[in-house]
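Student: My structure is below; once you've seen it, I'll send some questions.
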Amino acid sequence: MNASGCLSERVHQIPPSGIRRIFDLACANPDGIDLSIGDPDIDVPKPVRDEAALSIHAGFNHYVSTRGLPELREAIATELRQRKLSFEDLLITAGATGGYYLAMMAVVSPGDEVLIVDPYFVAYANVVIMCGGVPRFIDTYPDFSLRADAIEPLITDRTRAIVLNHPGNPTGVVYTTAELRMVAELAERHGLHVVSDEIYDQFVYSQTPFTSIANVMDAAIVISGFSKRTGITGWRLGYVSGPKNVIEAMATLQQYSYVCANSIAQKAAVRALACDTSAEVEKYRARRSAFIAGLSSRFTIPKSAGAFYLFPEAPGKRADEFVDRCIEKKVFVIPGNAFSQYNTHFRLSFAVSDDKIGPAIATLNRVADEMQR
Ligand SMILES: Cc1ncc(COP(=O)(O)O)c(C=O)c1O
């Protein structure tokens with residue numbers, strides 16, 4: 001029998017990423033405007049680049065500890081303590097995505113249910129499925145805020161975890177301390193893990209300082225990383241902080257999967273932690289303001305305060321038609337159903353150079369006008 005056509009049951013349940021499909025189209029049309037991907041055009045700070053190059057030349061090209069370089073772990077722990085985050089231990093991971101995968105592998109058994117806030121980052125539900133779990137979705141439309149009455153009815157005796165992401169992809173939502181306390185209280189009462197992906201925590205545009213779930217909950221599992229804050233998405237470096245038993249389980253799983261995170265990136269990240277990112281954040285604040293000002297007369301844009309994204313409602317809530325028409329005009333945005341059980345909105349990433357913003361706004365508005373006729 002030829003086994004080459006036989007794939008696992010698992011992969012039949014996992015669709016390819018809806019972002020990658022449009023990103024590939026954008027790459028095939030380099031004269032278009034790509035608003036499809038959250039890959040920041042941050043100028044990687046020189047000390048970070050220098051340290052990476054030096055590390056390669058100095059022969060730092062080998063396996064390192066599964067848990068991560070001691071000096072990086074210590075530097076991250078210092079930052080987390082300064083921010084008054086609760087954690088007992090931390091693990092350096094292959095990107096935030098690697099951290100999320102290991103966290104789910106550590107806490108989800110086959111048949112367990114995981115509550116995921118909808119809209120959600122593309123990996124969340126699929127990784128739960130990869131672990132044999134069952135994703136359940138917390139509907140947060142229309143304003144994307146967290147409400148106990150949308151969460152509590154979903155909790156069953158199979159529920160193991162709640163997955164949050166703020167600042168959020170695709171919505172840009174940043175939760176209030178009251179919303180986070182409510183989730184922490186529910187989780188503690190029902191014995192659930194809370195896994196919070198806070199990779200955009202540096203990119204917050206409101207006056208109110210960012211609150212982490214670990215500011216209000218002792219046993220939270222917090223995922224973060226360097227892809228966004230340092231602009232090194234290709235270096236694959238993240239970290240997870242949380243309760244000792246969870247981090248230890250993740251470290252064991254890492255031994256047999258990723259082995260360790262990238263050695264060179266870890267060396268350089270010690271420098272990255274000392275770099276001031278405020279000028280980059282200001283750049284994104286200005287781009288976000290330009291998009292909101294340019295699109296508000298044609299689009300309903302739910303309130304947001306962070307990350308690199310806006311998640312406006314598509315004209316007539318017809319996201320596929322809107323996105324197809326934009327693609328015909330070579331502006332690449334993502335339909336809402338890549339991130340949601342609904343397909344009424346679209347995501348645009350404002351991680352795009354300033355010269356593209358005006359033409360992008362003009363095209364999005366023109367397509368909206370065409371669809372109103
Ligand atoms: C919410 C969220 N988490 C994680 C990631 C991926 O992070 P990393 O590159 O560290 O795997 C992204 C990338 O877009 C994201 O939006």
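The values are calculated or read from the model by the stated rules, or taken from the named source; none is laboratory data. None of the values given here were measured: they were computed from a predicted structure. Neighbour counts run over all protein chains shown; Cβ positions are idealised from the backbone, glycine included.
Student: What about Ile199, is it over 25 Å from Ile334 (Cα atoms) and within 16 Å of the ligand (Cβ to nearest atom)?
Tutor: In short, no.
Student: Which residues, counting only those in segment 16-31, are part of a loop (DSSP other than H, G, I, E, B) and either touching a residue at least 24 places away in the same chain (Cβ under 8 Å) or touching a helix residue (DSSP H, G or I) at 6+ places or on another chain (Cβ under 8 Å) (or both)?
Tutor: Ser17, Asn29, Asp31, listed by residue number.
Student: Identify, please: which residue in segment 64-119 is of a type in the set (Val, Ile, Thr), free of Cβ contacts under 8 Å to residues at least 60 places away in the same chain and more than 16 Å from the ligand (Cβ to nearest atom) and is, among those, farthest from Asp139 (Cα to Cα)?
Tutor: Thr78
Student: Residue check, Leu115 against (1) crowded, with 22+ Cβ neighbours inside 10 Å; (2) within 30 Å of Leu72 (Cα to Cα); (3) of a type in the set (A, V, I, L, M, F, W, C), all met but one. Which one?
Tutor: (2)
Student: Something else about it: Can you tell which of Ser263, Ser296, Ser289 is in the same structural domain as Ala52 (by TED's automatic domain parsing) and at negative phi?
Tutor: Answer to the selection: Ser263.
Student: What residue, of Ala96, Ala52, is closer than 20 Å to Ala351 by Cβ and in the same structural domain as Gln254 (by TED's automatic domain parsing)?
Tutor: Going through Ala96, Ala52 in turn, the sole match is Ala96.
Student: If I ask for residues that are of a type outside the set (S, T, N, Q) and either part of a strand (DSSP E or B) or over 19 Å from His190 (Cβ atoms) (or both), which ones from segment 90-105 would you list?
Tutor: Leu90, Leu91, Ile92, Ala94, Gly95, Ala96, Gly98, Gly99, Tyr100, Tyr101, Leu102, Met105
Student: Still on this structure: Taking the stated definitions as given, is Asp157 assigned to a loop (DSSP other than H, G, I, E, B) and either assigned by TED's automatic domain parsing to the domain that holds Gly98 or within 14 Å of the ligand (Cβ to nearest atom) (or both)?
Tutor: Yes: the conditions hold for Asp157.
Student: A follow-up question, please. Please pick out the residue among Leu180, Leu186 that is more than 14 Å from the ligand (Cβ to nearest atom), under 30 Å from Arg147 (Cα atoms), modelled with pLDDT of 95 or more and surrounded by 19 or more Cβ atoms within 10 Å (Cβ to Cβ).
Tutor: Leu180
Student: Which is of a type in the set (A, V, I, L, M), assigned by TED's automatic domain parsing to the domain that holds Ser263 and touching a residue at least 40 places away in the same chain (Cβ under 8 Å), of Val173, Val134?
Tutor: None of the others qualify; the one that does is Val173.
Student: Turning to a different aspect of this structure: Looking only at segment 194-215, count how many residues are acidic (Asp, Glu) and part of a loop (DSSP other than H, G, I, E, B).
Tutor: Summing the residues that are acidic (Asp, Glu) and part of a loop (DSSP other than H, G, I, E, B) in segment 194-215 gives 2.
Student: Being closer than 19 Å to Asp24 by Cα, of a type outside the set (Ser, Thr, Tyr) and modelled with pLDDT of 95 or more narrows it down to one residue among Arg347, Arg366, Arg318; which is it?
Tutor: Arg347
Student: Mind telling me which of the residues Glu51, Glu9 ends up being surrounded by fewer than 16 Cβ atoms within 10 Å (Cβ to Cβ), among the charged types (D, E, K, R) and either over 25 Å from Gly172 (Cα atoms) or at pLDDT 95 or above (or both)?
Tutor: Glu9
Student: Name the pairs: first residue in segment 246-260 and over 20 Å from Ser196 (Cβ atoms) and in the same structural domain as Thr66 (by TED's automatic domain parsing), second residue among the hydrophobic types (A, V, I, L, M, F, W, C) and surrounded by fewer than 21 Cβ atoms within 10 Å (Cβ to Cβ), Cβ to Cβ under 7 Å, at least 6 apart or on different chains?
Tutor: Close Cβ pairs (under 7 Å, with a partner that is among the hydrophobic types (A, V, I, L, M, F, W, C) and surrounded by fewer than 21 Cβ atoms within 10 Å (Cβ to Cβ)) amount to Cys260/Val64.
Student: Can you list residue pairs whose Cβ atoms sit under 6 Å apart, with the first residue in segment 216-245 being in a loop (DSSP other than H, G, I, E, B) and the second being away from the ligand (no atom under 15 Å from the Cβ) and modelled with pLDDT under 95? Count only pairs 6 or more apart in sequence or on different chains.
Tutor: Every condition considered, the pairs that remain are Arg229/Thr277.
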